[in-house]
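Since every read-out is calculated from the coordinates, none of them should be taken as a lab result. Bear in mind that the values here come from a model prediction, so they are computed numbers and not experimental data. Positions of Cβ are backbone-derived with ideal geometry, glycine not excepted, and every protein chain shown enters the neighbour counts.
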Amino acid sequence: MSDALVTLSQVAREAGVSLATASRAINGSATRSVREDLRERVLETARRLGYSPDPSAQAMARGRTTALGLVVHDIADPYFSTIAAGVARAAERAGLIVTLASTEHSAERELAFVELARRQRSRAIILAGGRLEPDGGQTPVDDVRPASGALEAALNAFQEAGGGVALIGQPIGGLPVVEIANADGAADLARALHGLGYRRFAVLAGPRGHRTAADRTTGFTGALAELGSPVAPDDVLACSFTRDGGYSAMRDLIRRADGSAPSAADADPQSGGTAPSMVRLPELVFAVNDVMAVGAMAAARDAGLSVPDDVAVAGFDDIHTLRDVSPGLTTVRIPLAEVGELATDLALGQTGDAGTPVRGEVVLRESTPNHLGGDRRR
């Protein structure tokens, strides 16, 4: 028996059909179908001869490959890697292969990946990550850039050409999106912490103009204001949306308290004048994502402070690496893997609507013990 590969022409000749009919029967077609009896004859002949279809030919015939593109800001961030795991699970069920791209927070790279997916005829593309408002005013390279009109146009073109699109985070135009109820989750966390007895808060708020960070900050501070414990503007610190950003902002908070910087002026009963009050470390610091919270905890330890004895810390997302953090971090649990699966189904048209925004669950852990019954040592 010859070791030569069986060709599609041999299959067509043996089945008694044209080469075009054999190709449509085996590879499929974006525009034409094959009569069922002819299709069965071709497939049986292919099986008997041991013919193996060419994946590239199948993609060209069907108009789409079996690739699903996932574009994230930073694959090293557990937030995105957990979403990627969910996307991979859903893609495998659909018989697709995930191609992963990390933009390193570059809008140009993000757009380039979308264009590449279009040229390669990927079945679908998913973009995960928060957006900056066009007037966010952020220029550092480690911040997420605003979604440009070019990106929206590229995604619309991809969709109009038959590809599937889904976003995770916030919408871009009218494109399909799985939204996260960031403000609601942060408000739930604020109410839970207030219920534990905390009254003086600071917020590590991420980069200015970042929509995810802004929603979480607004939800948290808004709920506290309603409860009668407003957060002072000076206690809302902008920083990078990273572990190092959280570390740096927490270090600034600690230095400010250690430096005895003046706060509101208090009356001096002996002189009749005023004397500056001491800036105190907040009772609790909320970081708008978990990796920032981990950085904040490290900064506290490096300054000789104890979490939670000297300062309590909370985060948002419940990333899987928190299982190794001590003390356990209070956070808002987002079902990130399920979000990835939902976005995949949405991109593939297996669900017509992502439904209401995904709302997280408050998880109270050792980093924020019950604070009722007295103030902390300062």
Taking amide H positions as placed 1.01 Å from N in the peptide plane, with prolines and chain starts having none, which residues 5 or more places from I180, or on another chain, fall under 5 Å of its amide H? G169, V358
Could I have the simple spin-label model distance between R13 and E108, label points 7 Å from Cα toward Cβ, reported in nm to one decimal? 5.4
DSSP beta bridges in region 182-334 [antiparallel fraction, %, rounded to 5]: 25
How large are Rg and Dmax for region 182-334 when calculated on the C-alpha trace, in angstrom? 15.7, 56
Residue by residue through region 299-310, what is 3J(HN,Hα) from phi via Karplus (6.51 cos²θ - 1.76 cosθ + 1.60, θ = phi - 60°)? Round to whole Hz and write x for glycine and proline. 5, 5, 4, 5, 8, x, 9, 9, 10, x, 4, 9
Hits in region 329-373: amide N under 16 Å from the 7 Å Cα→Cβ extension of L100, namely 336-341, 344
Under the 7 Å Cα-to-Cβ spin-label approximation, E361 and L175 lie apart by a distance in nanometres of 3.1
Per residue of region 85-99, in order, report the coupling 6.51 cos²θ - 1.76 cosθ + 1.60 (Karplus, θ = phi - 60°) as ³J(HN,Hα) in whole Hz, putting x for Gly and Pro. 4, x, 4, 4, 5, 5, 5, 4, 4, 8, x, 10, 10, 8, 10
Can you figure out the FRET efficiency of R301 with N156, using R₀ = 51 Å and their beta-carbon distance, to the nearest 0.05? 0.60
